[in-house]
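Below is one structure, written out as structure tokens; comments come after it.
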Amino acid sequence: MCEGEKTEPHYFGEIRQEHRLATANVQVWPSAFGTQPLQVVEYAEQMFREGDRRKGIPPKAFDHVCAVFDRDDHVTYHQALAKADSLNYKLKNDSGERVPFQAIASVPCFELWLLLHFEDIHAPIHRDEIYARLTHHLPEYDKGQRGYWAATKDWLERAVARAEIRAAATTPYDGTEPYTGVHKLILLLVHLKD
């Protein structure tokens, strides 16, 4: 489940398509409850518990749940992290297995992940500065557009290494230092068929 309505769903959807991950196995949705991080986590929990008949998803038919959201200036950011932690391996799926329920947070925003493909970031940075720097590397960058997986995947290894350096220096709980957990979801997806 994603906070963003287009950017993140397009990005993860492109990974799913390239790696031929069937929609029966991997599905990406924007939150129907709103864009506050807690709303994203709550929507993910409801989708897990109740499913969605319109989307053909039965209740508890998940092996892994991820809630993707940004720090930005959201007032429910820390609540969302705590809620996701409280659900992690607590919910059982229709096979009776405990399910990972992960918050995939970015501080300050998802675009930090994209920028890490091109630059090291070590100090707090505002999302406007991230957008400005990102357009130096991806001149046509605009939120909601498609094609950013294809435009950045050649530098994936570098971005993962940089994200891991940030994760060793801080956590999403800090909420001010640059951080992204997107690499964890990317690695999960690209190695899913393994």
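The values are calculated or read from the model by the stated rules, or taken from the named source; none is laboratory data. Bear in mind the structure is a predicted one, so any value in this text is a computation, not a measurement. Cβ: placed from backbone, ideal geometry, glycine included. Neighbour counts: every protein chain shown.
Taking the stretch 1-42 as the search range and keeping residues that are basic (K, R) and assigned to a loop (DSSP other than H, G, I, E, B), which one is farthest from A61 (Cα to Cα)? Here the residue is K6.
Listed by first and then second residue, the pairs with beta-carbon distance under 7 Å, at least 6 apart or on different chains, first residue in the stretch 73-93 and modelled with pLDDT under 95, second loosely packed, with under 15 Cβ neighbours inside 10 Å, form an empty list.
Say we look at the stretch 92-109 and pick out the residues that are among the hydrophobic types (A, V, I, L, M, F, W, C) and touching a Phe, Trp or Tyr at 6+ places or on another chain (Cβ under 8 Å); which of these is surrounded by the fewest Cβ atoms within 10 Å (Cβ to Cβ)? Taking the candidates together, the pick is V99.
Could you grab me the full set of residues in the stretch 115-140 that are surrounded by 15 or more Cβ atoms within 10 Å (Cβ to Cβ), in contact (Cβ under 8 Å) with a residue 40 or more places away in the chain and either among the small types (G, A, S) or in a helix (DSSP H, G or I) (or both)? Across the stretch 115-140, the qualifying residue is only R127. Taking (1) touching a residue at least 60 places away in the same chain (Cβ under 8 Å); (2) touching a strand residue (DSSP E or B) at 6+ places or on another chain (Cβ under 8 Å) in turn, H10 satisfies each apart from (2).
Within the stretch 13-58, take every residue that is free of Cβ contacts under 8 Å to residues at least 24 places away in the same chain, of a type in the set (A, V, I, L, M) and out of contact with any Phe, Trp or Tyr (no Cβ under 7 Å at 6 or more places or on another chain) and give me the one that is nearest to L87 (Cα to Cα). In this case the residue turns out to be A24.
Quick check on my filter: what residues within the stretch 141-154 are part of a loop (DSSP other than H, G, I, E, B) and among the polar types (S, T, N, Q)? Q145 - this is the single residue of the stretch 141-154 that is part of a loop (DSSP other than H, G, I, E, B) and among the polar types (S, T, N, Q).
Conditions (1) more than 18 Å from I15 (Cα to Cα); (2) charged (D, E, K, R), marked per residue:
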| site | (1), (2) |
| --- | --- |
| L115 | no, no |
| F118 | yes, no |
| R127 | yes, yes |
| H137 | yes, no |
| Y148 | no, no |
| L156 | no, no |
| I165 | yes, no |
| P172 | yes, no |
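Within the stretch 167-188, the set of residues being closer than 20 Å to D73 by Cβ and in a helix (DSSP H, G or I) comprises just one member, V182.
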